[in-house]
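To keep things clear, I will list the structure first and then write my remarks on it.
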Amino acid sequence: MPNFTLDQTLVLLYFLITLGFGFYKRSDKGLNSFLFAGRRLTIPALVATLVSTWYGGILEVGRFTYENGIVTWIIFGLFYYIAALLFVKYIAPKIIESNIPTIPELFLKSFGRIPALIAIFCVILLITPAPYLKILAILFDFVWDIPVFWALVLGSFLSIIYAATGGFPAIVRTDKLQFVLMFSGFAILLSSAFSKYGGISFLIANTPEFAFSIPGHFSWTFIFVWGFIALITFIDPGFYQRSFAGRSLQTVQKGILISVLFWVIFDGMTVLSGLYALAILPTVEISPYLDLANILLPPFAKGLFLVSLFAIVMSTVDSFTFISAITIGRDLPTILGLKLTDNKMIQLTRVGLGITAIFSISLALYFENAVDIWYLSGSFVVPALLIPLMAGLYKIKLKNVVFVMILPVIASAFWYAHGASHPLADGYPGYIWGLDPMYPGVVVSGILFTILKRSKN
């Protein structure tokens, strides 16, 4: 028998329990059950799956807080709360009313085949689990000393094995467990830091001036580009899927509102943990959260905290991988006009899990960190999808939708390329007028929408 450390034993036990949750009940009630849980998600299930799926980039949040302070709460928190509240009011009712289960199918029925195919590409790029696999690889390396490539492969395999059998219901079941673990882990870390060092007064006295400064190191234009990136919530296939899968509009709306409250609580926990790391650790070797746990927590508590980090990341990886698989296995054949049985679509969705894993591993190996993937995908995909999606949901007729999708991407790409080729002294791209590429993309999309909407009318 191999000799496992306590950390390794607890993490291994977590994966065994998670797999047990995933395999507990096989989804054998058809395509609707496999992909959308039979549209019977309750409020507790919605809250658990929305909250746990939201934080796959947890280690990057820790790093960002350590480097930039409390402004992290605005960039990765406040903007998304506002977007979620707007989603509840203006988007969720239209999703339920449309009775269309996916974004690519909405584009197909609203604008035709070519825009729908472009939407498929955008969804796959937007929902790729690649950034979260990178974070998972860090955790595997920390606990098991596994090389990056094999850590990515292992993370992908563990995320799809029960999804391939149990579908979306299996993911929701595991998310309920992940929800409990994520809050428990950071409660352990924060309580230890507070009891040993004290509260806010300690943090203010022992952190640099930027820690509690807004906008901190950044310009307001950089801050607000993340506000636009938060509009990803409107086009988030995960939000779309879970809204469609809810029992009713009221269930979905209440579930999202309650989720926002839990986001506020958890964001407070993670930002405070990052500030404690900034106050206590002169340097970071691996990750602020991991390094902080190393010096604060006794062995068993540290093992539980590691389990919570794995739970947070895994809940995102399996959800995003599954949605990408739906896009490949269900949406693509539908858009191409293929007449397939439900069983065949389920089989193709399982194939899509493998294709998504290969694509995500490749993307994770190419990019240096998760934030770069988020920033670039948001900067390009939001301008392409946001306004056409709103038009489709609100049944606004557009002419030449392909141009409304492609030209904003070209504008953002030009802006990004020009900025990257003219770096500033700090290495940050020298964007024209200091504007990040999201802005010109959204502006071009809005102009095209106005022109083409009017010409159609």
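Spin-label model, residue 213/residue 109: points 7 Å from Cα along the beta carbon direction are separated by 5.2 nm.
May I ask for the distance between the Cα centers of the range 261-324 and the range 37-69, given as a whole number of Å? After rounding, the separation between the Cα centres reads 12 Å.
Give the range of the longest stretch in the chain that excludes all GluC sites (Glu not before Pro) found in loop regions by DSSP and having at most 13 other beta-carbon atoms within 10 Å.
Free of exposed loop sites, the longest segment is 1-284.
Taking label points 7 Å from Cα along the Cα-to-Cβ direction, residue 358 and residue 425 give a separation of 4.9 nm. Please report the net charge: other residues with Cβ closer than 15 Å to the Cβ of residue 405, K and R +1, D and E -1. My count for the surroundings of residue 405 gives +3.
Shown is the FRET efficiency for residue 414 and residue 451, computed with R0 = 25 Å from the Cβ-Cβ distance and rounded to the nearest 0.05: 0.80.
The packing ranking of peptides 221-229, 9-17, highest mean first, is 221-229, 9-17, where packing means the average number of other beta carbon atoms within 10 angstrom of each residue. The calculated FRET efficiency for residue 433 paired with residue 205, based on their beta-carbon distance and R0 = 41 Å, is about 0.55. Given the pairs 134/302; 89/395; 29/89; 339/399; 196/302, which span a C-alpha to C-alpha distance of over 24 angstrom in this model? Flagged as over cut-off: 29/89; 339/399. Length gained on full extension, residue 254 to residue 39, computed as 0.36 nm times the residue gap minus the Cα-Cα distance: 75.8 nm. A simple spin-label model places the labels of residue 336 and residue 300 5.5 nm from each other, with each point 7 Å out along Cα-to-Cβ. 3J(HN,Hα) along the range 339-354, derived from phi through the Karplus expression 6.51 cos²θ - 1.76 cosθ + 1.60 where θ = phi - 60°, amounts to 8, 10, 6, 4, 4, 5, 5, 5, 4, 5, 5, 5, 5, x, 4, x Hz, with x in place of Gly and Pro. Taking only DSSP H segments of four or more residues, each worth -39500 (n - 2.57), what value at 222 nm results for the chain once the sum is divided by all its residues, to the nearest 500 deg cm²/dmol? Rounded to the nearest 500, it is -24500 deg cm²/dmol.
Computed from the Cβ-Cβ distance with R0 of 60 Å, the FRET efficiency linking residue 397 to residue 196 stands at 0.45.
Each reported figure results from applying straightforward, stated rules to the coordinates on display, with no laboratory input. Computed from a predicted model, the values in this text were never measured in an experiment. When we count neighbours, we look across all protein chains shown, and the Cβ atoms used for this are built from the backbone with ideal geometry, even at glycine.
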